[in-house]
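Worksheet for the structure shown next.
No lab work stands behind these numbers, since they all come straight from the coordinates. Because the structure is predicted, anything quoted here is derived from the model rather than measured. Here Cβ is always computed from backbone atoms with ideal geometry, including for glycine, and neighbour counts include all displayed protein chains.
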Amino acid sequence: MSEQSKNGINRRRFIAGSAAASGTLMLGGIAPAFARGDSKRPGTPYGVASGDVTQGEAILWSSSDAPAQMWVDISYHQDFRKHITLQGPNALAETGFSSKLAINDLAPGQKVFYRVRYQSLEDWQSWGEPVVGSFNTPPAVASNIRFLWSGDTAGQGWGINEEWGGMRIYETMRQTAPDFFIHCGDTIYADGPLKEEVTLKNGEVWNNIVTPEKAKVAETLQEFRGNFAYNLIDKNVRAFNNEVPMIVQWDDHETVNNWYPAEVLNDERYQNEQSVALLSARARRAFFEMNPIRSSAADPQRIYRKFHYGPLLDVFTHRHAQLSC
């Protein structure tokens, strides 16, 4: 079979990896939307995201709101006039309806466009609307690289205030057009529930959006997932994720402040679970489900890792954040 597809793209440039899912290659455009009842059309409430971009490789992430099959178009053209379609994994309740696809053999120094769509598993002819994202691949030669780093999202009682414009820092970061973003941890505050109103020193009131999962400390797997989903409600975060790939690690607040594995909590807020070992296991599972992070086949629980980003830069995440904080 020829290496060149009928779409004009070298087939070897886009091969689905096995770390997140085994992708099935299909030539041509994504299947058309046959809307047999809008109630069966899967949505994509939290947008798309890319991450762990290194030499020739990337992880693509998204989430449905119902059982659905993930499909991804990939192209070097913004209008997708030449592209291939990859079949991703099923988005099921067992993963909080999230799904990830590993792709590899990407060309260096390119902007890659991808388009995610879900096909209903309850009605095979019902398709959701596509959501488009993009990312840059590392350069093959010495080049300028722009990246951002930060941490601590929605902490200390400050959540999404739509009257203030939401998490505007993400829009400010997006406008700098970085090649990637390093989230240094505290991606959520699982131990930091939000109040609907916070009175400021000047008497003004800060109004938080509060979901059921953010109204209390996280104890169940669904509550940890809900903490990650909360950040994705924000339009600024979703727009940022659409354009900027991330390298993400965790710190302590993904579980609870300054925790260690053998700890048993003496905190009246934790009515259903006091074992930090169990809480951290649920937190880690939600962390992997809700982020575009690559899983190691040899060590599926490993969070620390290394990235080679062109000839001038290697990025290491912190090994000591692996077990406790």
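Based only on Cα atoms, what Rg/Rh ratio does the stretch 147-321 have, Rh being taken as Kirkwood's radius?
0.98
Residue by residue, what Karplus-based ³J(HN,Hα) values in Hz, rounded to whole numbers, does the stretch 264-274 have, using 6.51, -1.76 and 1.60 with θ = phi - 60° and x for Gly and Pro?
10, 6, 10, 9, 5, 5, 9, 8, 10, 8, 10
Mind ranking 213-221, 257-265, 94-102 by how tightly packed they are, going by the mean number of other C-beta atoms within 10 angstrom, highest first?
94-102, 213-221, 257-265
Just to check, using Stokes-Einstein with a Kirkwood Rh over alpha carbon pairs, what's the diffusion coefficient of the chain at 37 °C and 0.692 mPa s in µm²/s?
Stokes-Einstein gives a translational diffusion coefficient of 159 µm²/s.
Could you work out the helix-only [θ] at 222 nm for the chain, with each DSSP H run of four or more residues adding -39,500 (n - 2.57) and the total divided by the number of residues, to the nearest 500 deg cm²/dmol?
So the calculated ellipticity at 222 nm is -4000 deg cm²/dmol.
If packing is taken as the average number of other Cβ atoms within 10 Å across a peptide's residues, how do 112-118, 310-316 rank, most packed first?
Packing proxy ranking, top to bottom: 112-118, 310-316.
Using 0.36 nm per residue, how much length does the chain from R285 to Q222 gain when fully extended, once their Cα-Cα distance is taken away?
21.6 nm
Need the C-alpha centroid separation for the stretch 243-297 versus the stretch 172-198, integer Å.
So the two Cα centres are separated by 16 Å.
Between N136, N90, N144, which gets the highest mean-square fluctuation from a Gaussian network model of the chain, Cα cutoff 10 Å?
Comparing N136, N90, N144 in the GNM, the peak value goes to N144.
Might you report the magnitude of the Cβ-based charge dipole of the chain about its Cα centre, with Lys and Arg at +1 and Asp and Glu at -1, to the nearest 20 debye?
The dipole magnitude comes to about 1320 debye.
Scattering from the C-alpha atoms of the stretch 225-285 alone, worked out with Debye: what is log10 I(q)/I(0) at q = 0.12 1/Å?
Log10 I(q)/I(0), no solvent term: -0.41.
Please provide three numbers in whole Å: the alpha-carbon extents of the stretch 192-270 along the principal axes, with the largest listed first.
39, 39, 22
Under a GNM of the chain (C-alpha, springs under 10 Å), which listed residue has the highest mean-square fluctuation: I169, I160, I303?
Looking only at I169, I160, I303, the biggest GNM fluctuation is shown by I169.
How much length is gained if the chain between S275 and A93 is pulled fully straight, taking 0.36 nm per residue apart and subtracting their Cα-Cα distance, in nm to one decimal?
Gain in length upon complete extension: 63.0 nm.
Any chance you could give the angle, 0 to 90 degrees and rounded to 10, that helix 221-232 forms with the longest Cα principal axis of the chain?
70 degrees
Quick one: among E254, E163, E243, which has the greatest mean-square fluctuation in a GNM of the chain with alpha-carbon springs under 10 angstrom?
E163
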